[in-house]
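Everything below concerns the one structure shown next.
The values are calculated or read from the model by the stated rules, or taken from the named source; none is laboratory data. Bear in mind that the values here come from a model prediction, so they are computed numbers and not experimental data. Backbone-built Cβ (ideal geometry, glycine too); neighbour counts: all protein chains shown.
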Ligand SMILES: Nc1ncnc2c1ncn2[C@@H]1O[C@H](COP(=O)(O)OP(=O)(O)O)[C@@H](O)[C@H]1O
Ligand SMILES: [Mg+2]
């Protein structure tokens, strides 16, 4: 099963709709509740990052019998120093993002914690690509 | 704690859901930071927050939280109520501060997540 969504930068009222949809799909499968939570928490933080930091992006989720592979590809400013961005507390979020309850620099570390594998590629001025894998 | 008692103790108003038939509140977590809420391990606490926007409810949905209490007089928007309704949540509003709300609930046996 493959799901694809377009994510609009800056649109906080829609942020999370893709993650919500995928959560509903996963609930149809006979999966452990903690696995579903790890998937949706990491996906939601990644979705919010596109809304918070990028102009637009695409989310693709591939659900296989033994794992889910989520790829979030955005067009945006990119991440100049990925190691710094992965550090808990590091954030360049705007005050608008903080008003939404995000922007404390906890998203990427939490994605890393919940994922079985996280791969980040980024080009400054072009965009960022996250690949998140959770095994079932 | 059952929702009707919580409402009585906190002068809380029900804005969404079925107070009588909702699950019993055992744990609570207070935060205005949604990234914090997303770090919790599974136990479906009551979320006490002063953050009132649609991401509050989205976060609750992702974190498997079924009960949201808006503190310090914050009001739910129609968009929040619609989303909470879709997810079978109970949402409440209290005029009390987060500190006072938490103190009262703690005193009445509601447990912290950690
Ligand atoms: N998709 C992205 N595009 C550009 N920068 C990003 C993206 N995702 C994360 N970042 C950068 O990494 C930082 C840390 O991200 P994160 O841990 O999610 O915290 P937060 O989003 O709360 O700032 C962000 O503040 C931002 O500088
Ligand atoms: Mg983030």
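Residue pairs whose Cβ atoms lie under 7 Å apart, separated by 6 or more positions or on different chains, with the first residue in region A:49-60 and at pLDDT 95 or above and the second in a helix (DSSP H, G or I) and within 9 Å of ligand 2 (Cβ to nearest atom), are A:49/A:107; A:52/A:97.
A quick yes/no check of all residues on (1) in contact with a strand residue (DSSP E or B) (Cβ under 8 Å, 6 or more places away or on another chain); (2) crowded, with 16+ Cβ neighbours inside 10 Å; (3) within 11 Å of another protein chain (Cβ to nearest Cβ):
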site: A:19; (1), (2), (3): no, yes, yes
site: A:23; (1), (2), (3): no, yes, yes
site: A:26; (1), (2), (3): yes, yes, no
site: A:30; (1), (2), (3): no, no, no
site: A:36; (1), (2), (3): no, yes, yes
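Tell me, which helices (runs of 4 or more DSSP H) wholly within region B:1-96 include 2 or more residues that are within 14 Å of chain A (Cβ to nearest Cβ) and either within 10 Å of the chain's Cα centre (by Cα) or within 28 Å of residue A:39 (Cα to Cα) (or both)?
Details: elements: B:3-10, B:34-37, B:54-62, B:78-86.
Output list reads B:34-37, B:54-62, B:78-86.
Number of residues in region B:88-113 that are buried (at least 20 other Cβ atoms within 10 Å of the Cβ) and under 11 Å from residue B:17 (Cβ atoms): the value is 4. Restricting attention to region A:90-136, the residues that are near ligand 1 (Cβ under 8 Å from one of its atoms) and either in contact with a strand residue (DSSP E or B) (Cβ under 7 Å, 6 or more places away or on another chain) or part of a loop (DSSP other than H, G, I, E, B) (or both) add up to 14.
When region A:47-76 is limited to residues that are surrounded by fewer than 18 Cβ atoms within 10 Å (Cβ to Cβ) and not in a strand (DSSP E or B), the one that is nearest to ligand 1 (Cβ to nearest atom) turns out to be A:55.
Checking the conditions here, which among A:35, A:79 is within 13 Å of ligand 2 (Cβ to nearest atom) and in contact with a helix residue (DSSP H, G or I) (Cβ under 9 Å, 6 or more places away or on another chain)?
Details: A:35 fails: within 13 Å of ligand 2 (Cβ to nearest atom).
None of the other options fit; the residue is A:79.
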